[in-house]
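J.: This is the structure I want to talk about, given as structure tokens.
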Amino acid sequence: MNDMKCECGHVNPVGTILCESCGKALTENAQKEKLHDMRYEGSARRSQTYNKTIIDKIWNFFSSVKVGVWLIVLTLVASSLGTIFPQKDMLPTNLTPEEYYHKEYGWVGQLWYKLGFEDLYGSWWYLLLIAAIGVSLVICSLDRFIPLHRALKNQRVTRHEGFMKRQRLYIDAAITGDQSFAKVKERLKEKHYRVKEEHGNLFAEKNRFSRWGPYVNHIGLIIFLIGAMLRFVPGMYVDELLWIREGETKVIPGTHEKYLLKNNKFILDTYQKGKDNEAFNQALDRVGTVAKNFQTNVTLYKRKEGALPGESGKLAKVKDDEIKVNHPLEFAHYSVYQMDYKPNELKTMTLQLENKKTKKTFGQVKIDLFNPKDVYDLQKGYKVKLIGYYPNFTGFAKDGEPQSSSPIPDNPAFLFRMYSPEHPKGEVSFVAIRQNVEPLGNNDYKMSFAGIETRNVSALTVHKDLTLWILAVGGAIFMIGVIQGAYWNHRRIWLQRKEGNVLIAAHTNKNYYGIKKELAAILDGTGLPVPKDQQEGKKEKEKEKEV
């Protein structure tokens with residue numbers, strides 16, 4: 001395809017509607033127009049010129065504003081679907097996602113899980129939608145910005161008569177002399193126009209930068225989308241919940257097992273009636289216990305270089321700290337916040353082997369509820385074997401099998417085999433809180449309750465966000481584009497001599513009322529008439545025809 005050469009000598013790219021230099025209409029349709037479409041200055045856009053190769057078709061598809069709008073709508077609809085039920089990161093740890101959705105929401109929740117909506121915002125198709133919006137923004141911007149910039153850069157002072165006549169604001173009047181032009185030129189400069197002169201003709205322009213507002217918006221959105229997608233890159237964004245018990249040392253999630261945290265002690269302070277502000281008394285009577293402060297005293301460790309995961313001996317102490325609400329532990333771009341707590345979680349339970357008739361005991365069994373032993377030897381022929389452990393006992397299944405809903409010992413239950421000199425093969429007993437069942441008949445021995453140990457548990461949120469500054473930059477650039485395009489408008493005024501007359505035309509990308517008012521002030525007292533709004537004249541003629 002060959003370039004298009006205008007009669008003014010300027011060579012225009014294929015697909016140009018109005019000459020970039022003089023503004024002459026280069027197509028039949030443009031020559032028939034009463035008013036020129038000046039949105040892109042009649043420049044040659046790639047999407048409207050080429051449509052042969054697969055690259056052309058992809059470019060044309062994504063350059064469509066309608067496609068961009070539909071992609072945004074689809075993304076919004078998909079995002080709303082993710083809010084119907086909790087995402088998998090917000091689920092309790094005692095159930096698998098499939099079990100949770102089926103239990104809580106029935107077949108609807110099961111279908112929701114089967115469709116993969118439990119991790120919607122991290123799914124490949126959701127990320128693909130975000131990427132498609134980014135591609136659409138880039139192609140839309142390039143398809144319009146480059147030809148528009150080239151057309152505005154190449155525009156001449158002296159424009160084709162047809163271009164002048166097809167501007168919305170236009171008039172052809174008798175010239176009053178050179179003094180009028182000089183006065184207009186002076187006033188244009190006072191209004192902060194950049195004025196160019198050629199062969200006695202004037203061209204004034206200001207606020208061209210406002211035309212780039214939408215493209216600055218696009219740049220901001222693209223940067224924002226990049227920041228959002230970087231959150232799925234490992235190490236860029238972490239938002240994890242860490243439950244840690246007193247005395248426990250755990251790897252901090254999201255640190256690639258590089259940092260560990262030890263819970264030295266959990267402290268809970270509550271408001272006391274009569275000791276604190278009397279204004280709290282009414283609330284304390286209504287609610288009961290109200291937390292005044294809860295904090296976790298911790299020690300942060302860093303794994304030494306060369307140490308393998310699990311090698312607890314190769315840890316270097318970083319610091320001790322107190323994690324309180326709104327006062328996080330901060331290190332290496334990470335912040336650890338105090339989020340929640342669970343007081344008095346069961347740690348150990350002590351039971352004793354007892355003869356039911358004589359009430360005599362034969363030793364105690366101290367069971368670590370997080371790591372119970374299989375066998376407890378009580379000496380002298382007495383032994384207890386743990387053949388079943390149910391940390392959170394919820395009842396018996398139809399076949400009589402005990403059920404546990406989670407690995408957390410909120411309601412522990414045990415199935416024991418008790419060995420004694422009288423019963424070398426053992427007796428079976430099921431023991432739960434306030435429950436002792438003998439499934440195989442009456443026993444001579446039983447396991448009776450002797451005591452418990454509890455400890456507090458802290459819920460800490462581990463947060464790291466290396467994308468925040470990218471999102472902030474993208475948002476700031478977007479707002480600059482909004483202000484740039486909303487509070488200024490690109491204005492151009494042409495004054496051109498022709499055979500004893502003067503042609504006056506004006507164009508703005510928006511706010512024609514403003515430019516008409518400004519033109520009236522500039523031309524006042526110069527003897528030159530104010531251009532007429534040809535669009536209003538067209539509307540009046542249409543009304544007359546209707547009448």
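The values are calculated or read from the model by the stated rules, or taken from the named source; none is laboratory data. Keep in mind that what you see is a predicted model, and the values were worked out from it rather than measured. Neighbour counts run over all protein chains shown; Cβ positions are idealised from the backbone, glycine included. Areas reflect the complete protein model, heavy atoms only, side chains present, ligands, DNA and RNA absent. Shrake-Rupley method; radii C 1.70, N 1.55, O 1.52, S 1.80 Å.
J.: Taking segment 1-39, which residues are closer than 21 Å to ASN51 by Cα and among the hydroxyl-bearing types (Ser, Thr, Tyr)?
T.: THR16, THR27 - these are the residues of segment 1-39 that are closer than 21 Å to ASN51 by Cα and among the hydroxyl-bearing types (Ser, Thr, Tyr).
J.: Residues being part of a loop (DSSP other than H, G, I, E, B) and in contact (Cβ under 8 Å) with a residue 60 or more places away in the chain: count how many of those fall in segment 249-273.
T.: Number satisfying all stated conditions: 4.
J.: Also, I was wondering about something else. With HIS199, HIS192 as the choices, which residue is at positive phi and in contact with a Lys or Arg (Cβ under 6 Å, 6 or more places away or on another chain)?
T.: None of the others qualify; the one that does is HIS192.
J.: Let me spell it out: the conditions are (1) assigned by TED's automatic domain parsing to the domain that holds ASP89; (2) free of Cβ contacts under 8 Å to residues at least 40 places away in the same chain; (3) over 32 Å from the mean Cα position of the chain (by Cα), and SER123 meets all of them except one. Which number is the exception?
T.: (3)
J.: Right, here's the next one. Being outside any strand (DSSP E or B) and within 19 Å of GLU422 (Cβ to Cβ) is the filter here, so list the residues in segment 322-377 that pass it.
T.: Selection gives LYS356, LYS357, THR358, LYS359, LYS360.
J.: For LYS532, all conditions in the list (1) open to solvent by 20 Å² or more (accessible area, probe 1.4 Å); (2) within 46 Å of the chain's Cα centre (by Cα) hold save one; what is the number of the exception?
T.: For LYS532, the failing item is (2).
J.: Any residue in segment 345-364 that is at positive phi sitting within a Cβ distance under 7 Å of a residue that is in a strand (DSSP E or B)? List the pairs, counting only those 6 or more apart or interchain.
T.: Cβ pairs passing all conditions: GLY363/GLN352; GLY363/LEU353.
Rundown of residues vs (1) modelled with pLDDT of 95 or more; (2) in the same structural domain as VAL336 (by TED's automatic domain parsing); (3) of a type in the set (Val, Ile, Thr), yes/no style:
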position: LEU468; (1), (2), (3): no, yes, no
position: ILE477; (1), (2), (3): yes, no, yes
position: ILE493; (1), (2), (3): yes, no, yes
position: GLY500; (1), (2), (3): no, no, no
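J.: Sticking with this one: Could you identify the single residue in TYR50, TYR100 that is assigned to a helix (DSSP H, G or I) and modelled with pLDDT under 90?
T.: TYR100
J.: Between ILE226, ILE171, which is among the β-branched types (Val, Ile, Thr), more than 26 Å from ASP524 (Cα to Cα) and not assigned by TED's automatic domain parsing to the domain that holds GLU20?
T.: None of the other options fit; the residue is ILE226.
J.: Additional query: In the set GLU240, GLU205, GLU246, GLU161, which member is touching a residue at least 60 places away in the same chain (Cβ under 8 Å), closer than 30 Å to GLY475 by Cβ, of a type in the set (Asp, Glu) and surrounded by 14 or more Cβ atoms within 10 Å (Cβ to Cβ)?
T.: On inspection, the qualifying residue turns out to be GLU240.
J.: Here's a check for you: in segment 1-38, which residue that is open to solvent by 100 Å² or more (accessible area, probe 1.4 Å) and of a type outside the set (D, E, K, R) is nearest to HIS160 (Cα to Cα)?
T.: Checking each candidate, the answer is ASN29.
J.: Applying the selection to segment 63-84, what residues are over 15 Å from the mean Cα position of the chain (by Cα), touching a residue at least 24 places away in the same chain (Cβ under 8 Å) and open to solvent by 60 Å² or more (accessible area, probe 1.4 Å)?
T.: VAL65, LEU74, ILE84
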